[in-house]
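Please treat every number below as a calculation from the coordinates, not as lab data. Since we're looking at a predicted model, the values are computed, not measured. Please note: Cβ atoms are built from the backbone with ideal geometry, for glycine as well, and neighbour counts cover all protein chains shown.
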Amino acid sequence: MELSRRDFLKMAGIASAGVVVAGSAGTLLTGCTPVAKSKDGSLAGKQMAMLYVPSRHEEGCTDCTQACHLKHNVPNIADKKHEIKWIWETEFQHAFTEYMENDLLKERMKGVPYFVLCNHCANPACTRVCPTKATFKREDGVVMMDYHRCIGCRFCVAACPYGARSFNFEDPRDSLSKPVPNPNFPTRERGVVEKCNFCSELDIQGGELPYCVQACVKRKGSLEKSALIFGDLADEKSDFHNILEHLQKEEKLIPLRRKEIAGTQPKVYYLV
Amino acid sequence: MYDKGKIIIGVIIFLAVFTIPFWYSQATGDADKSPYADTSKLIAEGKTCVEPADYMREHHVKLLTDWRNDVVRGADTIYTSEEYGTTFDKSLTNTCLEQCHTNKSQFCDQCHSYVGVKPNCWSCHNVVEEK
């Protein structure tokens, strides 16, 4: 077959356009949130989630924040612009800004303390925008940070609708005790973004509780009475599921999530 | 050739200056001072590394990088030694440093500074205090 130079170039052009279109169609079809698979498949089919019952909060108690920040070497920086937070106390109007349109609710709820943390969304915005996949979703629903890959671009900070991410403007070790509070857990360095990791260093799939929940359980006596409750939402036979059902059916609490309208499917539920 | 004498002298001076690092280290005896990490105490205690020393010397960079990716991205935290079959927690601070190599300045820094590499592990991972 005789192929003129002109025809060859036409065919090459069409073929490369086809590759580009097929590639982007593939991305659109599979969704923009690729999931990092666990090597042995131990995380598959799980959906770790957190419940928070605001009415059980004792005034002034910050046990969860203290436990978390000590165990994860989170520095306490006085400068508000540079502060690092994993789980912290805020007020209802900041956690649920959309409800502030409701003038009656606004009066009632203003100033009520609420604890907030990374929501480990099922459809996270942060992982979509990360150019290096330094932040990614694990099979069990935990949104992870790989500090080795983070280039500090802060796209994720801008993308997160919950302000759950903090950027290290300064070396966190300058604001930590020496030796660091928990020598067995790494610190971060200047120029990376950090956030709550749902205590992925623990065996959370095996039933171990994150440090914040442990602290609350210690104060309240049991997981049933705790203000923070953690477990696998996908496991319908778990204690976690029983507690969730009890809270909804017996205590008549309604599970709210922050900024539903953002479409991120948060996995931290506020039972009010 | 014009200025033959000047050119030859110039070349000799250039070569002498250019090769200073080589003959200087020969003259002072620095060339023989290769880094040496004393692990006799660990061996006497009956401890073995995750893999044989020769393998570790050559491949520890890759091994640690693999561990890092396995733990952070694959939720795979247990390493089974190919040589010995024993299992270890994949952790630089909690396994390598805390359990055996508590002498970071001798065991890590000495060789790294000899070959002129600056690994950035320690800007986040904690160093176990030397005893």
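Key figures
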item: Among B:Asp38, B:Asp54, B:Asp76: highest mean-square fluctuation, GNM of chain B, C-alpha pairs under 10 Å; result: B:Asp54
item: Proxy reagent accessibility, fewest Cβ within 10 Å first, across B:His60, A:His69, A:His120; result: B:His60, A:His69, A:His120
item: 10 Å Cβ neighbours from other chains, averaged over peptide B:67-75; result: 6
item: Order of A:Met109, A:Met100 under a 10 Å beta carbon neighbour criterion, fewest first; result: A:Met100, A:Met109
item: Residue-by-residue Karplus 3J(HN,Hα) for the stretch B:2-9, coefficients 6.51, -1.76, 1.60, Hz, glycine and proline x; result: 7, 6, 3, x, 4, 5, 4, 4
item: Net charge of Cβ neighbours under 14 Å - reference B:Tyr55; Lys, Arg +1; Asp, Glu -1; result: -4
item: Gain upon complete extension [B:Val17, B:Gln110; 0.36 nm per residue less C-alpha separation]; result: 30.7 nm
item: Under 20 Å from the A:Gln93 label point (7 Å along Cα→beta-carbon), backbone N, the stretch A:58-77; result: A:60
item: GNM flexibility winner over chain A from A:Leu244, A:Leu209, A:Leu253 (Cα, springs under 10 Å); result: A:Leu253
item: Cleavage-rule hits (chymotrypsin sites (Phe, Trp or Tyr not before Pro)) in the stretch B:1-100: DSSP loop, at most 16 neighbouring Cβ within 10 angstrom; result: B:Tyr2, B:Tyr36, B:Tyr84
item: Most mobile listed residue (B:Ala44, B:Ala27, B:Ala53) in chain B, GNM with C-alpha springs under 10 Å; result: B:Ala27
item: Calculated from backbone phi, Karplus (6.51, -1.76, 1.60) coupling profile of the stretch B:66-82 in Hz, x at Gly/Pro; result: 5, 4, 4, 5, 4, 6, 6, 9, x, 6, 10, 10, 10, 9, 9, 5, 6
item: Shielding by partners - mean other protein chain Cβ count within 10 Å, residues of A:129-140; result: 1
item: Pairwise label distance in nanometres, A:Glu250 with A:Val35, each label 7 Å out on the Cα-Cβ vector; result: 3.2 nm
item: Net lengthening on full extension, A:Phe169/A:Asp203 (0.36 nm per residue, minus Cα-Cα); result: 9.1 nm
item: Under-5 Å amide H pairs with A:Leu256, H placed in peptide plane, nonlocal only; result: A:Tyr270, A:Leu271, A:Val272
item: Nonlocal amide H pairs with A:Cys121, under 5 Å, H built at 1.01 Å; result: A:Lys267
item: Packing-based exposure ordering (other Cβ within 10 Å, fewest first) of A:Arg165, A:Arg190, B:Arg57; result: B:Arg57, A:Arg190, A:Arg165
item: Amide H partners (placed H, <5 Å) of A:Tyr114, local residues excluded; result: A:Thr90, A:Glu91, A:Phe92
item: Packing-based ranking, highest mean first, of A:79-89, A:176-186 given that Cβ atoms within 10 Å are counted; result: A:79-89, A:176-186
item: Net charge, B:Ser91 excluded, C-beta distance under 14 Å - Lys, Arg +1, Asp, Glu -1; result: -4
